[in-house]
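These notes concern the structure reproduced below.
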Amino acid sequence: MLALTATVLFYSCKNTEEEKTMDNNKSTQNALLAEWEGPFDGVPAFDKMKVEDVKPALEKAMELNLKEIEAIANNEAPPTFENTIVAMEKSGKTLDRVFTYYGIYSSNISSPEFRKVQQEMAPKLSEFQSKISQNEQLFQRIKTVYEASKEKELAPDQQRVVQLIYEEFAMNGAELNTEKKKRYAAINKELSELYTNFSNNVLADEEGYVTYLNKDQLSGLSEPLIKAYAKAAADRGKEGQYAVTNTRSSMDPFLTYSDERALREKVWKNYYSRGDNNDEHDNKEIIAKILQLRKERVGLLGYDNYAEWRLQNRMAKTPENALQLMNAVWPAAIARVEEEVADMQAIADAEGKDIIIEPWDYRYYAEKVRKKKYDLDSDEVKAYLQLDKLREAMFFVAGELFNYNFATVAKGTVPVFHPDVNVWEVTDKDSGEHIGLWYLDPFARQGKRSGAWATTYRSHTTFNGKETVLASNNSNFVKPAPGEPVLVSWDDAETFFHEFGHALHFFSSEVKYPTLNSGVRDYTEFQSQLLERWLSTDPVINNYLVHYETGKPMPKELVQKIKNAATFNQGFATTEYLASAMMDMKLHLADPDTIDVANFEKETLASLHMPKELVMRHRTPQFGHVFSGEGYATAYYGYMWADVLTSDAAEAFAEAPDGFYDKVVAAKLVNYLFAPRNAMDPAEAYRKFRGRDAKIDALMRDRGFPVPQN
């Protein structure tokens, strides 16, 4: 998933003379404000970060950016693309730098001290955003340029920039009257505080609930996992014990392998109760308030509901179209769950266990079914999935498809925010041209949000001198004991490739203007989901999936078992995801004034005939995609929308003469699906790649579901 810093409008690119004067002022000692120095066109000074610098840096950077915006808005010259749009694209470089550090503190190294700053600054940041999005003079200049561009077209990329900026301002209340603008800004301010509180509550429950085990409670767990849990306990001052922390990367393998059913239930309940413990960290009232405010805000703009407003510039266009896709897949998904549960119950019965399959049993018995039906042991597969080797495999794929080379940057050359972070230089394999740096932060830690994500510290642009890319991938793998390899599941390996796909999307950008690096939410996951497919290609399997002890490649027999089991457990995977996506949409289509969040979740799932043996991937009280900001709100369906594109595009490679390494198809992939970013309408870009629109048929085939006849 992509990490987003802001939810409304920030304009940032090159420094103005005013910023340079500020940076050169010797009285300014705040490292977060300084221009980036050092190698590779300048890099963030992560080694100079201090929490106490965050608030004054944000305040100063916002002040400078507002002065730039006022200068653009009050320009007496007639509005033109250069003096309005380009000027906006150049503004806010200092703020951009500060937000890089702010994002690191928020996502990777949060602390109680930072969270206090975050809570204090959230409303101030919202007020700042409103001062830009509601600047009447600025909007009139933008509108003038936009209207002129419809009469006399600009260059295609300039036309796209103007369109995106105009639509963004219009969608965020620029044309409201004074009274409505005031209320719109007040709503945004209140929402920003609620988003921060929501995120901090989830993080508090992730940090606050740890399940400690003793030596008699390790049955079923592999030796590397036991060592990782021992280290997690030792890190918390519990030497001699074993800690299952309240994150997905720690929970998931425990539920898959532990023979201790009562402990599986405890770990499961800890994880799926985050934000839902009826205490000071409970999120249900916050969610209800968020839904009310979102509906009121879009009502000011004349929309009936938040989903209608949000989806107007997405590929789906309307909530009805998004729901149509989800409803087309849902029946096949829950039907497959029924089959999967029957298989699991049969094994439990055969073992003489007097139980009915519950959600904390699903992963455990699914693993037993996998072994029985496909003779496939996940632990056996994990032995060939070493994190370091997977990283090398990703570099190989990037070299084959994008012609990139990744070279280790020596420790100490580039500042990092934690010793676990490593850095690689990305260059063109043929010319040696410097493209950017790739930062990898792979391990879970206290203060780091759960999950996996990609982000940029600097994006590619050329309109004001070439900017090279600084991209980051962030994961939450359980850190191993010293000297031990990091062995991951097949699902985690796919996620690793997925997030690297986002990074490749950043590196391959060929856009001129910063705004064109933005994304369309139900399209931006497509490129990363597509990259997952290269994990199971023969060159990757034969050269990088090697046993952590013997170094021998994965045997062909095991590879065939994996391929035979490709659609295994798709009922679980599809249903837990789709339930969250449908809940997201239905929450925003409902009347929020009388909503009881807990009851709404139960009643909606019941109306969908949600199987009782599993839960949503993200239950409502912990659904950070949707309630810690607005990036994925009514847009979580986008993973499924993107997966339709992914399955269809994968078949284009499968049908090519050289398969997934076919140079002709790879060139079209880079030129049409990666390099343009948002400089081209996504639907048009896909048609240029495929020669037609995507069809749902490939998705259904991929998941082993019946292909709809109509």
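If I ask for residues that are open to solvent by 10 Å² or more (accessible area, probe 1.4 Å), farther than 18 Å from Asn246 by Cα and in a strand (DSSP E or B), which ones from region 449-488 would you list? Passing the criteria: Thr455, Thr456, Tyr457, Arg458, Phe463, Gly465, Glu467, Leu487.
Can you confirm whether region 222-242 contains a residue that is of a type in the set (Ser, Thr, Tyr) and within 25 Å of the chain's Cα centre (by Cα)? No.
Kindly check whether there is at least one residue in region 276-294 that is open to solvent by less than 20 Å² (accessible area, probe 1.4 Å), of a type in the set (S, T, N, Q), farther than 20 Å from Glu601 by Cα and touching a residue at least 24 places away in the same chain (Cβ under 8 Å). No, there is no match, as no residue in region 276-294 is open to solvent by less than 20 Å² (accessible area, probe 1.4 Å), of a type in the set (S, T, N, Q), farther than 20 Å from Glu601 by Cα and touching a residue at least 24 places away in the same chain (Cβ under 8 Å).
Each row is one residue, and each column tells you yes or no for (1) of a type in the set (Ser, Thr, Tyr); (2) surrounded by fewer than 22 Cβ atoms within 10 Å (Cβ to Cβ); (3) closer than 18 Å to Leu470 by Cα.
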position	(1), (2), (3)
Phe81	no, yes, no
Gly103	no, yes, yes
Ser107	yes, yes, yes
Phe128	no, no, no
Lys131	no, yes, no
Gln137	no, yes, no
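The single residue among Ala366, Ala383, Ala398 that is open to solvent by less than 20 Å² (accessible area, probe 1.4 Å) and either closer than 27 Å to Lys668 by Cβ or among the charged types (D, E, K, R) (or both) turns out to be Ala398. Residues satisfying the criterion are absent from region 159-171 (criterion: open to solvent by 40 Å² or more (accessible area, probe 1.4 Å) and farther than 30 Å from Thr462 by Cβ).
Of all the residues in region 22-37, those that are more than 13 Å from Lys60 (Cα to Cα) and at pLDDT 95 or above number 3. Of the conditions (1) assigned to a helix (DSSP H, G or I); (2) touching a Phe, Trp or Tyr at 6+ places or on another chain (Cβ under 8 Å); (3) of a type outside the set (Gly, Ala, Ser); (4) farther than 26 Å from Arg297 by Cβ, Phe99 clears all except one; give me its number. Here Phe99 clears every test but (4). Only one of the listed residues (Ala342, Ala262) is small (Gly, Ala, Ser), farther than 24 Å from Phe568 by Cα and either assigned to a loop (DSSP other than H, G, I, E, B) or at pLDDT 95 or above (or both). That residue is Ala262.
Lys152 meets each of the listed conditions (1) without any contact (Cβ under 8 Å) to a residue 24 or more places away in the chain; (2) buried (at least 23 other Cβ atoms within 10 Å of the Cβ) apart from (2).
The residue of region 410-448 that is surrounded by the most Cβ atoms within 10 Å (Cβ to Cβ), among those that are within 28 Å of Gly237 (Cβ to Cβ) and among the aromatic types (Phe, Trp, Tyr), is Phe443.
Quick one: would you say Asp492 is touching a residue at least 24 places away in the same chain (Cβ under 8 Å), within 21 Å of Thr256 (Cα to Cα) and in a helix (DSSP H, G or I)? Against the criterion (touching a residue at least 24 places away in the same chain (Cβ under 8 Å), within 21 Å of Thr256 (Cα to Cα) and in a helix (DSSP H, G or I)), Asp492 qualifies. Tallying residues that are in contact with a helix residue (DSSP H, G or I) (Cβ under 8 Å, 6 or more places away or on another chain) and surrounded by fewer than 20 Cβ atoms within 10 Å (Cβ to Cβ) within region 659-670 yields 6. I'd like to check something: does region 61-71 contain any residue that is in contact with a Cys (Cβ under 7 Å, 6 or more places away or on another chain) and open to solvent by 20 Å² or more (accessible area, probe 1.4 Å)? Scanning region 61-71, I find no residue that is in contact with a Cys (Cβ under 7 Å, 6 or more places away or on another chain) and open to solvent by 20 Å² or more (accessible area, probe 1.4 Å), so the answer is no. Of the helices (runs of 4 or more DSSP H) lying entirely inside region 352-443, the ones with 1 or more residues being in contact (Cβ under 8 Å) with a residue 60 or more places away in the chain, under 22 Å from the mean Cα position of the chain (by Cα) and over 25 Å from Arg264 (Cβ atoms) are found at 387-402.
The values are calculated or read from the model by the stated rules, or taken from the named source; none is laboratory data. Bear in mind the structure is a predicted one, so any value in this text is a computation, not a measurement. Positions of Cβ are generated from backbone atoms using ideal geometry, with glycine treated the same way; all protein chains shown enter the neighbour counts. Heavy atoms of the whole protein, side chains included, go into the accessibility calculation; ligands, DNA and RNA do not. Shrake-Rupley method; radii C 1.70, N 1.55, O 1.52, S 1.80 Å.
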